[in-house]
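Beneath this line is the structure, given in structure tokens, with notes to follow.
The values are calculated or read from the model by the stated rules, or taken from the named source; none is laboratory data. Since we're looking at a predicted model, the values are computed, not measured. FYI the Cβ positions are ideal-geometry reconstructions off the backbone, even for glycines, and counts take in every protein chain you see. The protein model used for the area step is the full one, side chains on, heavy atoms only, and it has no ligands, DNA or RNA in it. Shrake-Rupley method; radii C 1.70, N 1.55, O 1.52, S 1.80 Å.
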Amino acid sequence: NMEEPTEENVFSFQDEKTSPDPIHDYPKTLLESRVPLVIDNGAYQCRAGWASDEDPRLFFKNVLVKQRGKKESETQVGNDITNIEVVRWQLKSQFDRNVITQYDVQEQIFDYLFSHMGIDSDGSVQHPICMTEPACNPNYCRLQMSELLFECYGVPEICYGVDSLFSLYNNLPQPGKADAMVISCGYYTTHILPVLDGRLDGKHCRRINIGGANCDLFMHRLLQLKYPGHYAAISVGRAEELVHKHSYMSKNYLEELKLWGTDNYYNKNVHKIQLPYTKKVEVVVDPELQKARREVHIKRLKELAAKRREAQLINDESKLRLLLNIKHMAEEGKHKEQVKQMMENLDLEDMKELQVYIDKFTGSIQRAKVAMARQDNEEKKGSAVDIFELPDEKLTSAQREAKRKEQEMEERRRQDFNGWLKEIQTERQGLVEKRTIRKQRRSDMAKRRTFASQQRMKIISQLAAGSKKKRKDDTFGMDDSDWNVYKQINKDAGDSDSEAEQERLDELETLLREYDPNFEREKEGVFDIAEHYKLHVGVERIRVPELLFQPCMVG
């Protein structure tokens with residue numbers, strides 16, 4: 001009776017609600033012919049019907065409840081309990097394991113059963129009763145049951161039998177001579193019943209105190225531990241539904257357990273159970289309003305980038321002035337001690353390293369000024385003075401370069417928009433991956449046993465061994481390639497080289513925000529709320545039923 005999957009083995013809980021049982025007709029022919037009443041009195045479910053019918057007329061859970069705090073409330077039995085989860089911890093049963101011990105509860109169950117079967121004879125049930133009982137039922141329990149039926153209901157005859165043996169006799173061609181081993185899996189217990197020459201060998205019967213109830217609670221516990229965020233949604237009733245409709249008995253548990261460890265088998269056989277959830281209401285925004293909001297957002301980002309670039313430019317210019325001042329003082333040959341002290345404070349070895357830093361800051365300042373000029377040009381678009389309307393001879397070199405690049409990009413965008421957008425996306429992805437690699441390298445440098453950290457220590461040890469030579473023989477730093485060695489042993493992994501990358505990344509992301517409507521959603525990530533509310537029932541499908549054969553899994 002398993003529900004058909006919708007897609008990708010996705011199911012939903014049926015959460016079947018019971019409806020009160022009707023009161024069946026009771027024709028006089030039943031009373032006159034004294035048709036026996038058959039009662040399958042199970043620990044989980046009670047079924048009842050006339051022996052002349054093909055199927056039982058009543059199916060209901062063999063429990064009752066009387067809600068606390070309600071003085072005049074009637075006792076609810078079986079299907080009268082419409083929402084069993086609300087009162088699950090107040091349910092009463094006549095069973096202790098599989099043996100009936102609470103006969104006051106059993107009497108209320110009988111009242112419900114006889115009234116809904118339509119029996120309206122005064123003071124008695126004038127029908128023979130055939131009823132199930134557990135194997136090797138204690139004589140005291142049978143005596144109490146017989147006393148209840150005979151004295152309270154005036155039943156004329158009673159026949160007791162074991163349900164699994166009824167099934168054996170019904171399915172074998174010659175049950176009177178059968179030799180069989182019957183395994184009866186009940187709700188609270190499991191019985192092993194040997195049958196010799198058609199008779200139960202009671203001496204060698206065995207009862208194991210584990211059954212369907214243990215499987216339900218095991219599934220309930222496993223899923224609550226697996227999905228603590230859905231603790232309240234995983235009820236005992238839903239766990240019971242999973243056991244009944246989604247689990248199966250494995251023929252070779254250990255071999256199939258290995259298969260569940262492979263991705264292909266798991267994806268093919270896992271059952272995804274969709275929990276109910278409330279979808280987020282999507283507000284339809286006017287396209288013009290959305291475009292205006294995006295333009296305001298882009299403008300704010302550009303302003304922040306301009307402020308950051310301006311602050312960096314002021315800082316670089318200050319450092320460049322200091323380095324040029326040191327160079328000027330060194331060229332004059334004055335204040336040698338002061339120059340030496342200033343270079344030591346800046347960790348500069350000689351004039352060549354000083355010149356490297358001067359060139360570096362000079363290039364950084366030039367790039368920042370070009371970017372600021374480009375930003376100024378963009379802000380002047382559409383105004384009375386537009387660099388695209390002015391001749392090139394009236395523009396500075398930076399403005400001419402910015403104008404040329406903007407015109408080329410605009411032409412490329414008009415001719416092949418999709419191709420241009422793909423190039424922008426690819427370039428941005430490449431820059432992001434480079435930064436990710438540098439971040440990972442910094443992380444590896446901080447760990448002792450990584451390959452990057454070991455290579456760094458190896459280079460440092462080689463340099464340390466070389467430093468034992470005389471100072472005049474040390475030529476490290478004279479070659480530009482020595483800068484790569486410094487970057488290899490530097491824990492920051494050459495982050496100072498990524499300033500231009502950051503500016504280019506800002507430009508690319510600004511373009512994508514303006515022309516790619518999916519960029520923000522892809523960058524922030526889309527939260528799939530439906531996937532969050534799915535329970536993946538995988539290895540639990542065989543693990544829970546295996547409990548009957550390996551009770552040690554629950555201690």
| request: Please find, among L242, L165, the residue that is touching a strand residue (DSSP E or B) at 6+ places or on another chain (Cβ under 7 Å), closer than 30 Å to V35 by Cα and in a helix (DSSP H, G or I). | output: L165
| Residue within the range 426-438 that is at pLDDT 85 or above, on the phi < 0 side of the Ramachandran plot, surrounded by 15 or more Cβ atoms within 10 Å (Cβ to Cβ) and of a type in the set (S, T, N, Q) present | no
| field | Residue in the range 13-34 that is farther than 25 Å from S235 by Cα and of a type in the set (K, R) present | value | yes
| field | Per-region count, the range 18-45, residues among the β-branched types (V, I, T) and either within 36 Å of the chain's Cα centre (by Cα) or assigned to a loop (DSSP other than H, G, I, E, B) (or both) | value | 3
| task | Quickly run through the range 70-92 and pick out the residues that are in contact with a strand residue (DSSP E or B) (Cβ under 8 Å, 6 or more places away or on another chain) and of a type outside the set (V, I, T). | result | Q76, G78, N79, Q90, L91, K92
| said: Could you check the range 104-143 and list, in sequence order, the residues that are farther than 24 Å from H191 by Cα and open to solvent by less than 20 Å² (accessible area, probe 1.4 Å)? | reply: V105, I109, F110, Y112, L113, F114, M117, G118, V125, H127, I129
| task | Run down Y188, Y153 and say which single residue is touching a strand residue (DSSP E or B) at 6+ places or on another chain (Cβ under 8 Å) and touching a residue at least 12 places away in the same chain (Cβ under 8 Å). | result | Y188
| field | Residue satisfying all of: in the range 148-179; small (G, A, S) and over 47 Å from the mean Cα position of the chain (by Cα); surrounded by the fewest Cβ atoms within 10 Å (Cβ to Cβ) among these | value | G176
| Which one of these does G78 not meet: (1) modelled with pLDDT of 90 or more; (2) crowded, with 16+ Cβ neighbours inside 10 Å; (3) of a type outside the set (A, V, I, L, M); (4) under 25 Å from H191 (Cβ atoms)? | (1)
| message | Taking the conditions exactly as written (assigned to a loop (DSSP other than H, G, I, E, B), surrounded by 14 or more Cβ atoms within 10 Å (Cβ to Cβ) and modelled with pLDDT under 90), does I84 satisfy them or not? | response | yes
| Of D53, D15, which residue is in a loop (DSSP other than H, G, I, E, B) and on the phi > 0 side of the Ramachandran plot? | D15
| said: Among the numbered criteria (1) outside any loop (DSSP other than H, G, I, E, B); (2) at pLDDT below 95, which one does A233 miss? | reply: (1)
| Selected residue (criterion: modelled with the highest pLDDT) from residues of the range 266-292 that are open to solvent by 80 Å² or more (accessible area, probe 1.4 Å), more than 30 Å from R543 (Cβ to Cβ) and under 34 Å from the mean Cα position of the chain (by Cα) | T278
